[in-house]
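The values are calculated or read from the model by the stated rules, or taken from the named source; none is laboratory data. Treat the numbers as computed from the prediction; the structure is a model and nothing was measured. Note that we place each Cβ from the backbone using ideal geometry, even for glycine, and neighbour counts take in every protein chain shown. What goes into the accessible areas is simple: the full protein's heavy atoms, side chains included, and nothing from ligands, DNA or RNA. Shrake-Rupley method; radii C 1.70, N 1.55, O 1.52, S 1.80 Å.
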Amino acid sequence: MSDLRIHENVLLAPYTTLGIGGPARFLVKATIEGQVPDALNFARARGCPVFVLGGGSNILVADSGFPGLVLKIELRGIQSLDDGNQGRIAAAAGEIWDDFVRHCVSWELAGIECLSGIPGTVGAVPIQNVGAYGEEAGSLILSTRVLDRETDLITELSNAQCKFAYRSSIFNTDQADRYVILRVAFALRLRGRSRILYPDLQSLFAASTREPSIREVREAVIRIRKAKAMVLCGNDPDSRSVGSFFRNPTLSPDAVDRVENEARARGLLGDSEKLPRLPAGRDKVKLAAAWLVECAGFCRGYVYGNAGISSKHSLALVNRGGATAQEIVDLMRLIQDKVHDTFGVELQPEPTFVGIPHSP
């Protein structure tokens with residue numbers, strides 16, 4: 001075996017942005033690739049389950065913790081794949097995502113600047129096809145280097161093999177738990193332009209007489225995210241969250257019309273007002289989950305025991321101090337039920353639930 005240090009009964013709360021979670025039976029921090037199969041073999045020999053942990057920014061861990069091995073990926077390294085001539089670049093899974101974005105922007109590689117300020121690690125990005133402000137990582141990923149837990153082999157999955165869709169990939173759908181992501185390669189645009197698609201960004205740069213640089217776009221995105229408490233900040237209680245807890249629901253145009261009519265009948269929309277909506281591919285429309293949550297009666301700053309809703313963003317469920325995982329789950333279900341009762345829409349959670357039976 002490689003130099004593998006096994007830690008026992010490690011509290012997981014400090015490893016999550018929510019600051020919630022009981023102990024892991026075992027924990028391994030993998031800093032080299034060879035430690036990953038060794039850790040999996042350790043778990044296999046003991047018949048215990050495995051959870052792969054990155055930055056802990058998109059997970060809710062049970063109050064009872066996790067009864068198996070938590071494999072924390074801390075692989076580091078950034079490498080140009082074409083001597084910096086074409087914008088192809090790879091990062092190890094344990095690299096901090098925003099550090100990687102900053103690195104790319106400094107080298108004038110465009111494409112991921114709108115994903116600035118997102119917490120977590122590079123390895124987590126392909127799993128839910130991280131997206132924000134008009135960009136999705138899946139459109140920029142060339143390939144993903146993975147350890148296949150079924151064959152114990154390391155292989156490269158192409159972009160097509162990852163099956164990226166809105167907030168999803170094979171890594172969180174039909175092939176969940178099969179692969180451990182080791183490295184991600186991206187095809188960025190050398191000295192390229194930013195795509196200013198998000199309304200908040202468009203309004204920020206509307207008065208400018210020149211096209212903003214990717215560095216300016218990155219700075220603007222971070223300002224917007226900070227205003228919504230979507231950038232980790234130790235002294236801001238609103239940032240003790242997983243970011244947006246719910247996905248924007250994607251519906252057919254007919255279903256959206258039904259929701260709009262229901263909202264108008266309830267007095268939530270005027271006769272000439274339209275429901276906030278975004279295009280979502282062919283014959284689909286994406287609704288704003290934040291609007292649904294607020295119109296269902298959950299305002300920013302809503303308090304639910306030691307949990308609540310951020311005072312800056314209605315999709316962020318926060319740990320107000322001493323919150324339990326059960327409180328977060330109960331608040332989630334309360335919001336889901338009310339949105340469904342009001343609009344007939346099912347809100348789906350974004351984070352991964354760890355050690356929680358009957359996960360939503």
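LYS226: which lysines have alpha carbons under 25 Å from its alpha carbon, excluding same-chain residues fewer than 8 sequence positions away?
Reachable lysines: LYS286, LYS312.
Apply the Karplus parameterisation 6.51 cos²θ - 1.76 cosθ + 1.60, with θ equal to phi minus 60°, to every residue of the stretch 37-46 and state each ³J(HN,Hα) to the nearest whole Hz, in sequence, with x for glycine and proline.
x, 5, 5, 5, 5, 4, 5, 5, 5, 9
Name the long-range amide H neighbours of ARG320: under 5 Å, sequence gap of 5 or more, or other chain; modelled H, no Pro or chain starts.
ALA307, GLY308
Which whole-Hz couplings ³J(HN,Hα) result when phi for each residue of the stretch 117-133 is put into the Karplus expression 6.51 cos²θ - 1.76 cosθ + 1.60, θ = phi - 60°, listed in order with x for Gly and Pro?
In residue order, the calculated couplings are x, 6, x, x, 10, 4, x, 7, 4, x, 4, 10, 6, 3, x, 5, 6 Hz.
Can you pull a Stokes-Einstein diffusion coefficient for the stretch 253-360 at 20 °C (1.002 mPa s), Rh from Kirkwood over Cα pairs, as a whole number of µm²/s?
D, rounded to a whole number, is 142 µm²/s.
Can you give the Rg to Rh ratio for the stretch 16-159, taking only C-alpha atoms and Rh from Kirkwood?
Value, to two decimals: 0.99.
What lysines does LYS72 reach when the alpha-carbon gap must be under 19 Å and sequence neighbours fewer than 8 apart in one chain are set aside?
Result set, ordered by chain and number: LYS29.
Ranked highest first by average number of other Cβ atoms within 10 Å, how do 41-48, 312-319, 326-333, 17-24 line up?
312-319, 17-24, 326-333, 41-48
Under a straight-distance cross-link criterion of Cα-Cα below 24 Å, which lysines are reachable from LYS284, leaving out those fewer than 8 residues away in the same chain?
Leaving aside lysines fewer than 8 places away in the same chain, those within reach of LYS284 are LYS163, LYS274, LYS338.
If you roll a 1.4 Å probe over the heavy atoms of the protein chains, what accessible area per residue do you get for the stretch 117-234, in Å²? All intermediate terms of the calculation are to be shown ahead of the outcome.
Values: 5700 Å² over 118 residues.
The answer is 48 Å² per residue.
So what is the relative contact order of the stretch 119-160, in percent, for Cα pairs below 8 Å that sit 6 or more residues apart?
Reported as a whole number, the value is 26 percent.
Please work out the average accessible area per residue across the stretch 10-92, using the 1.4 Å probe convention, and give it in Å².
39 Å²
What ³J(HN,Hα) values, in whole Hz, does the Karplus curve 6.51 cos²θ - 1.76 cosθ + 1.60 give for the stretch 260-274 when θ = phi - 60°, with x put for Gly and Pro?
Residue by residue, the stretch 260-274 yields 5, 5, 5, 5, 5, 5, 8, x, 8, 10, x, 4, 9, 7, 10 Hz.
Just how many % of Cα pairs in the chain lie over 26 Å apart, if you round to the nearest whole percent? Numbers along the way, then the final one.
Values: 34426 of 64620 pairs.
The share of Cα pairs beyond 26 Å in the chain comes to 53 percent.
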